[in-house]
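Data first, discussion second: the structure below is written as structure tokens.
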Amino acid sequence: MSLSQRSRRRRQRGRPRNKALLGVLVVLVLIALSGLSLVGYVVSLAASAPPLSTLKPREPGSNSEVVAADGSRLGFIQASELRLPAEGHEFPKILKDGTVAIEDRRFYRHEGVDYEGVIRAAVQNFASRKTVQGGSTITMQLVRTLYISRERTYERKIREAKLAEELENEHSKEWILDKYLNSVPYGTVGGQAAIGA
């Protein structure tokens, strides 16, 4: 066998390896481009959220007082929601600690978004092929309750995360927890939604 035939055989033996390596490289480049596209999409969605300072928080309803022309009280029109706001020091410490333990155990360690919790929830939901776990923090739930709609889309979730980080930059953890305890639904009483603890 001549030298040229041997080198041709070596090149032919290497071709399947070269093709496999090329195929792997193409797949890796496509995955990287998909990842970058996803990151760009998330960043653009987060940027499209209005600044928190431009949003007016929703206040849950309260009873309306009805008065006559002379100013005398005629009665009340009952709201569809029962609400009696309380100051932060009025909430028992055990209620605050229990809320943090159940809703967001890393509340005091993150800045509005618990990325570890989001990834854990995504993996669990993907594995079960349905939503079995949420990744929302107390701050994200408060943002959803006060500022944005309740639609269940990824776009809303991304904007919610951005606004949660803004809220954490503007207010203390204690303010956020107190506002949360005054704003989220706690069930129903006589057919009315009970808002706040």
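The values are calculated or read from the model by the stated rules, or taken from the named source; none is laboratory data. All values derive from a computational prediction rather than experimental measurement. Every residue, glycine among them, receives a Cβ derived from its backbone with ideal geometry; neighbour counts consider all protein chains shown.
Key figures for this structure:
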| item | result |
| --- | --- |
| Residue check, ASN169 closer than 19 Å to THR99 by Cα, assigned by TED's automatic domain parsing to the domain that holds ASP97, of a type in the set (S, T, N, Q) and not in a loop (DSSP other than H, G, I, E, B) | no |
| Single condition LEU177 does not satisfy, out of (1) of a type outside the set (D, E, K, R); (2) modelled with pLDDT of 85 or more; (3) not in a helix (DSSP H, G or I) | (3) |
| Candidate set from segment 129-163 (those that are touching a Phe, Trp or Tyr at 6+ places or on another chain (Cβ under 8 Å) and not hydroxyl-bearing (Ser, Thr, Tyr)); member that is nearest to ARG109 (Cα to Cα) | ILE138 |
| Residues of segment 167-181 classified as free of Cβ contacts under 8 Å to residues at least 60 places away in the same chain and in contact with a helix residue (DSSP H, G or I) (Cβ under 7 Å, 6 or more places away or on another chain), total | 3 |
| Near pairs, Cβ below 8 angstrom, 6+ apart or cross-chain, from segment 110-133 (within 24 Å of LEU167 (Cβ to Cβ) and assigned by TED's automatic domain parsing to the domain that holds TYR154) to any residue that is part of a helix (DSSP H, G or I) and basic (Lys, Arg) | GLN133/ARG120 |
| Residue check for THR145: modelled with pLDDT of 75 or more and not hydrophobic (A, V, I, L, M, F, W, C) | yes |
| Condition check for LEU95: touching a Leu at 6+ places or on another chain (Cβ under 8 Å) and closer than 19 Å to ALA197 by Cβ | yes |
| Residue list for segment 100-157, filter: small (Gly, Ala, Ser) and either surrounded by 11 or more Cβ atoms within 10 Å (Cβ to Cβ) or part of a helix (DSSP H, G or I) (or both) | ALA101, GLY112, GLY117, ALA121, ALA122, ALA127, SER128, GLY134, GLY135, SER136 |
| Matching residues in segment 35-65 - criterion: being modelled with pLDDT under 75, of a type outside the set (A, V, I, L, M), surrounded by 12 or more Cβ atoms within 10 Å (Cβ to Cβ) and farther than 28 Å from ALA86 by Cβ | TYR41 |
| Test for VAL184: is it surrounded by 17 or more Cβ atoms within 10 Å (Cβ to Cβ) and touching a residue at least 24 places away in the same chain (Cβ under 8 Å) | yes |
